[in-house]
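Visitor: Please read through the structure below; I'll follow up with questions.
Read-outs throughout are calculated quantities, based only on the coordinates presented, and are distinct from any laboratory measurement. Worth saying up front: this structure is predicted, and the values here are computed from it rather than measured. Neighbour counts are summed over all protein chains in view; Cβ atoms, including those assigned to glycine, are modelled from backbone coordinates with ideal geometry.
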Amino acid sequence: MQLESLLAGVALRAPLAEQARGLRVSGLCFDSRKAGEGKVFVAFVGAKADGRAFARQAMERGCVAVVSELEAPADFEGLWIVVEHGRKALARMARTLYAAAAYAIRLCAVTGTNGKTTTSYLIDSILRAAGLTTAMVGTIEYHVGEAVKPAPNTTPESLEIYELLEELRQIGGTDAVMEVSSHALELGRVWGMAFHTAVFTNLTRDHLDFHVTMERYFAAKESLFLGQEGPAPRVAVLNADDAWAHKLRLAETTEVIWYSPSGQMAGERVLRAREVETGFDGLRMRVEWKGMQHPLRSQMVARINVANLLAAFGAGLAHGIAPEVIVRGLEACKAVPGRFERIDEGQPFLVAVDYAHTDDALRNTLRAARELNPGRIITVFGCGGDRDRAKRPLMGLAAGELSNYVVLTSDNPRSEDPLAIINDALVGLRRTDTPHVCEPDRERAIRRAIQEAGPRDLVVIAGKGHETYQQIQDRKLDFDDRVTARRILHAFGYRKEAHA
């Protein structure tokens, strides 16, 4: 492909140099380690590094040009193209490079503060039940057909997304489900992508260290429904019980499917939950749509999943899938890693690991735990460092109000002092009279909670969910709440096989 064709539609800050005319290119990269003969290196400023620092290395490895929104370093020799926005330029060029995949694959986006991962897993299960070959891109991992890859970001860079879509196209795939984070929308990682369906789960306080205000956070989410240079979604699946969903501006061409977990919103285009029953073995309900009721028995535990199940049901309808097939797909989906995931080693109490790391998510998780009618709820939680400090006392208050005993510990303290983070959360926790202890060492905290539990109690280990590491200063240490909980249960003499 010629460089001029690759740059078609990209906003340039200066005319192309004569040496760029007729230049043939073989591909794109934004990581100099993936540079190669004939590629174009896109040097944008990341969270931790300035891509310009690696431009010379990329050229030495065979790249023929550098694209950046910043001027070239004074000592750079070679073709340097200045654009208005680095990530948007990458997204536009990647779409041009992988045009076949961009047109062949139907995209479904899931956005919102809570529930994105579970809803994505459920939608993927529905699509597979319909006989489709799919890809899924999200917080825990990326799937392409049957292949599974680790997920460094909830929403990867645009080039990586298109590479995954091309892999899917080559194996005959047709549909992809993506978690789309507010960071990805704000930074331009999905710029110009055409989404068939966009799902909005909810909006609660999170990421204000990045967005600063709720209004700006909402605006980032809303941009998905207006279309970021690309067309607006054909179908929007919206949570009728969330006030922010009613504020979304939508294109006139976008069809809307509402879903109401409370069952309170009426209307022909509203999915409603009826006769919800929860238990340790999952939940049962009836899904009402256009006057028909569809019985559903999910393996997922906790009422918080009612909203996720309805959102996925709506996405299935948006894709033209019959309700009975949708139900089959939902019932086939087991618990999502780190989302109220049971740790069962035959102990006489329940242990659940959950990713809840905002005050709203923690409150929802603990309310769902209460509906299971345990003896006591014992909650282990911490707050992340280098993130929105204002949510820490709110998390402490949520834990105190909805737990019988709290063990306050570290999450990912990052560059902050773990004790300072704990003190921030204590401000809210001490507004309640709930008994609590502070234990900065997360493994000791989990041990303390399990040791405290008696028959029929429920231990909720919140905050890290599926994560397999703990970030302390500049060290990324191996740490998995699920593995740790099992190891502690084994140390106390519990092993599932011994109770078979």
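Visitor: So how long is each side of segment 118-197 along the principal axes, counting just the alpha-carbon atoms, biggest first, in Å?
Guide: Per principal axis, max minus min of the Cα coordinates gives 34, 26, 25 Å.
Visitor: Continuing with this model, one more query. Pairs of alpha-carbon atoms within less than 8 angstrom and 6+ residues apart define the contacts here; what relative contact order does the chain have, in percent?
Guide: Over the chain, the number comes to 10 percent.
Visitor: Turning to a different aspect of this structure: Which order do the peptides 309-318, 413-422 take when ranked by the mean count of other beta-carbon atoms within 10 Å per residue, highest first?
Guide: Sorting 309-318, 413-422 by mean packing, highest first, produces 309-318, 413-422.
Visitor: What distance in nm lies between label points placed 7 Å from Cα along the C-beta direction at residue 268 and residue 474?
Guide: 6.3
Visitor: Sequence gap at least 6, Cα distance under 8 Å: using those rules, report the relative contact order of segment 343-413 to the nearest whole percent.
Guide: On the way: 81 pairs, mean separation 25.7, N = 71.
The value is 36 percent.
Visitor: Now for a different question. The list (i) 31; (ii) 20; (iii) 13 gives values of percent of Cα pairs over 43 Å apart, and only one came from this structure; which label was calculated from it?
Guide: (ii)
Visitor: How do 93, 300, 59 line up, fewest other C-beta atoms within 10 Å first?
Guide: 59, 300, 93
Visitor: Order these peptides, 154-162, 256-264, by their mean beta-carbon neighbour count within 10 angstrom, highest first.
Guide: Result, highest mean Cβ count within 10 Å first: 154-162, 256-264.
Visitor: Sticking with this one: Within segment 341-499, what percent of beta bridges assigned by DSSP are antiparallel, to the nearest 5?
Guide: Working: 6 of 23 bridges.
Taking every DSSP beta bridge within segment 341-499, about 25 percent pair in antiparallel fashion.
Visitor: If you take the Cα atoms of segment 3-96, find Rg, then find the Kirkwood Rh from the mean of 1/r over all pairs, what is Rg/Rh?
Guide: My calculation of the ratio gives 0.91.
Visitor: Treating the angle as unsigned and between 0 and 90°, give the value, to the nearest 10°, between the Cα long axis of helix 418-429 and the longest Cα principal axis of the chain.
Guide: Approximately 60 degrees, to the nearest 10.
Visitor: Quick check on segment 341-499: what does the Kirkwood estimate of hydrodynamic radius come out to from the alpha carbon pairs, in Å?
Guide: Kirkwood hydrodynamic radius for segment 341-499: 15.3 Å.
Visitor: Separation of segment 1-77 and segment 353-385 by C-alpha centroid, Å?
Guide: If we compute the Cα centre of each part, the gap is 47 Å.
Visitor: Next question, about the same structure. Where both residues lie in segment 140-240, what percent of DSSP beta bridges are antiparallel, nearest 5? Mind dumping the intermediate values first?
Guide: Details: 4 of 8 bridges.
Antiparallel bridges make up about 50 percent of those DSSP assigns within segment 140-240.
Visitor: If each residue's Cβ is checked for other Cβ atoms within 10 Å, how do 333, 29 rank with the fewest at the top? List each step's numbers first, then the result.
Guide: Details: 333 23, 29 18.
So the residues, fewest neighbours to most, are 29, 333.
Visitor: Okay, moving on. Going by alpha carbons, how many degrees (0 to 90, nearest 10) lie between the helix axis of 391-402 and the longest principal axis of the chain?
Guide: 30
Visitor: Related question: Show me 73-82, 439-448 ranked by packing, highest mean number of other Cβ atoms within 10 Å first.
Guide: The peptides rank, most packed first, as 439-448, 73-82.
Visitor: What is the fewest-to-most order of 110, 336 by other Cβ atoms lying within 10 Å of their Cβ? Can you show the working numbers first?
Guide: Values: 110 31, 336 23.
Least to most surrounded, the residues fall as 336, 110.
Visitor: For every helix of n ≥ 4 consecutive DSSP H residues, a contribution of -39,500 (n - 2.57) applies; sum these over the chain, divide by its total residues, and give [θ] at 222 nm rounded to the nearest 500 deg cm²/dmol. Please report the intermediate quantities before stating the final value.
Guide: Working: 16 runs with 161 residues, N = 500.
About -9500 deg cm²/dmol.
Visitor: Still on this structure, please answer the following. Report, to the nearest 10°, how far helix 304-318 tilts away from the longest principal axis of the Cα atoms in the chain, using its own Cα long axis and a range of 0 to 90°.
Guide: 40
Visitor: In this model, which of 149/391; 48/247; 116/464; 221/391 are farther than 26 Å apart at the alpha-carbon?
Guide: 149/391; 48/247
Visitor: Provide the percentage of antiparallel DSSP beta bridges, counting only those with both residues in segment 3-96; round to the nearest 5.
Guide: The antiparallel proportion sits near 20 percent.
Visitor: Can you give the translational diffusion coefficient of segment 99-332 in µm²/s, computed by Stokes-Einstein from the Kirkwood radius over Cα pairs at 10 °C and 1.306 mPa s? Mind showing how you got there, number by number?
Guide: Numbers: Rh = 17.6 Å.
This corresponds to a translational diffusion coefficient of 90 µm²/s.
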